[in-house]
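Structure first, then comments.
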Amino acid sequence: MNDQPILRVLLGVGGGISVYKSVDLVRRLAERGCEVRVVMTQAATAFVTPLTFQAVSGHSVRTDLLDPAAEAGMDHIELARWADRLLIAPATANLMARLAAGIANDLLTTLALASEAQLYLAPAMNQAMWRHPATQANLATLRARGARILGPAEGGQACGDVGPGRMLEPLEIAAALRPRVQQHLAGARVLITAGPTREALDPVRFLGNRSSGRMGYALAEALAELGAEVVLVSGPTALPAPRVAEVIQIESALQMHAVVMERARRCDLFVATAAVADYRPVAPAERKLKKDTEKLKLDLIRNPDILAEVAALHSAPFTVGFAAETDRVLEYAQSKLTNKRLDMIAANHVGSERGGFERPDNALTVLWNGGSHELPLMNKARLARELAALIAERYGARHAAST
Ligand code: CTP
């Protein structure tokens, strides 16, 4: 049984009467495979005690920025980095105003500034406060910055008014945050390539590339966390072995090709993150080459395209490719998706501020037939989890369509 969370949710609880619903929200999120940590504003503690949230989340609840004991554990910056999603529910008018202005005068608003996680807000307030131009302007600002707004619902309010301002129901909030993806990959067999290949020139030299393997290793682990049985075929990297079912080390493109083709028919998904050398020396020298000429010409020959070959197999697995491009990213990625007959492709903008090879951060544009999704710049571990969830979703959708 896989007990890794599929999503780490930092739940920020503001001070409003709907705080009682947020207690149930923690449960609903946990049911969907999320690990939830709760941070409350001082006002929220007037409605429900931190102890209640501690009991439902299974973790101590933080309320203060300057709490030496809590900071000695997971400090607020670590907490901000830990989160895949920052969900504020209820989001009061006051909280939204502070968030819009970038004010960080308590733990929750400080976390909101320090976290790169996707921000979700579930507003809850009196209908007149919701309609007030100040609140609407703050809402527009937050939306423009990428915050996702969940609700509010319309109806009777605690104060007796009727109108918009009720917090959405916990189930609706939890569903908006994340579709259930876990079951799609439980027991699925994933074959994944990663890292660079080395193409021998002679016994001591090779042609290589700058791939660190980091994205592929992180993705292999993220897929395993979703319940898949993962076999990683890796070129030489400096990374520790990831927590997956099996790791097979290879050096050259031909070796990677042999291992993959031998196993491809027995897998449900094939994910090609490796930076496979497109060419190899026709005949590597048996002895070390000597520098006895002024010019040296290398005779190279094309390597097999592993990904295209797997995708062309009769009853091919669900195939996911990567496209590292320096320009016309979408156009090239789209043509690789079509030409190699892939199910999905993750396009990676290299050689720019958006990340890529040898960087801790990366951003991806993911394409499939009939859809696309942007994964903005974030660290590779988190990006891998987001991509793994997307792969699980698309794989699940194809599975559902074919059964
Ligand atoms: N790939 C592969 N086998 C190869 C070459 C690439 O499996 N011999 C896979 C990579 O793992 C990646 C995708 O194919 O998923 C990259 O596609 P490719 O067209 O090779 O990209 P580039 O090498 O960037 O191609 P080009 O130089 O034509 O842009």
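The values are calculated or read from the model by the stated rules, or taken from the named source; none is laboratory data. This is a predicted model, so every value here is computed, not measured. Cβ placement follows ideal geometry from the backbone for every residue including glycine, while neighbour counts extend to all protein chains displayed. Quick note on the areas: whole protein, heavy atoms, side chains included, nothing else; ligands and nucleic acids left out. Shrake-Rupley method; radii C 1.70, N 1.55, O 1.52, S 1.80 Å.
The slack between LYS297 and THR237, meaning 0.36 nm per residue of separation minus the straight C-alpha distance, is 18.8 nm. The angle between the Cα long axis of helix 214-225 and the longest principal axis of the Cα atoms of the chain comes to about 60 degrees, rounded to the nearest 10. Sorting LYS380, LYS336 by solvent-accessible area of protein heavy atoms yields LYS336, LYS380, largest first, with a 1.4 Å probe.
Solvent exposure of the stretch 261-323, expressed per residue, is 66 Å² of accessible area, with all protein chains present and a 1.4 angstrom probe.
For the stretch 67-91 and the stretch 123-152, what is the centre-to-centre distance using only Cα atoms, to the nearest Å? First find each Cα centre; the distance between them is then 23 Å.
Here the stretch 136-175 is treated as a Stokes sphere of Kirkwood radius computed over C-alpha pairs; at 37 °C and 0.692 mPa s its diffusion coefficient rounds to 287 µm²/s.
When only alpha carbons are used to place a centre, the stretch 258-327 and the stretch 370-394 end up 25 Å from one another.
Of the three principal axes defined by the Cα atoms of the stretch 30-113, the extents in descending order read 32, 26, 26 Å. Considering all C-alpha pairs of the stretch 1-153, those separated by over 20 Å amount to 45%. Relative to the longest principal axis of the Cα atoms of the chain, the long axis of helix 380-402 lies at roughly 90 degrees. Only beta bridges with both residues in the chain are counted; by DSSP, about 35 percent of them are antiparallel. Listed peptides 27-34, 342-349 appear in the order 342-349, 27-34 once ranked by packing, highest mean of other Cβ atoms within 10 Å at the front. With a cut-off of 10 Å between beta carbons, the residues surrounding GLU71 carry a summed charge of -3, where Lys and Arg count +1 and Asp and Glu -1.
Computed over the stretch 274-384, the range of Cα coordinates on each principal axis works out to 54, 39, 25 Å, biggest value leading.
Here's the list of lysines a cross-link from LYS340 could span, going by alpha-carbon distance under 26 Å and ignoring same-chain residues fewer than 8 apart: LYS380. Using just its DSSP H runs of length 4 or more, each adding -39500 (n - 2.57), the chain gives a mean residue ellipticity at 222 nm of -10000 deg cm²/dmol after division by all residues. Carbon and sulfur together cover what percent of the accessible area of the chain at a 1.4 Å probe radius? Carbon-and-sulfur percentage of accessible area, whole number: 52. Using the average count of surrounding beta-carbon atoms within 10 Å as a protection proxy, the listed peptides 315-324, 76-85, 211-220, 144-153 rank, highest first, as 211-220, 315-324, 76-85, 144-153. Rg over Rh for the chain works out to 1.06, both radii taken from alpha-carbon positions and Rh defined as the Kirkwood radius. For the stretch 93-193, the average shadow cast by the Cα convex hull is 9.4 nm², which is a quarter of the hull's surface. Calculated accessible area for the stretch 1-79 comes out at 47 Å² per residue, all protein chains present (probe 1.4 Å; ligands, DNA, RNA ignored).
Peptides 106-114, 197-205 ranked from most to least packed, by the mean per-residue count of other Cβ atoms within 10 Å: 106-114, 197-205.
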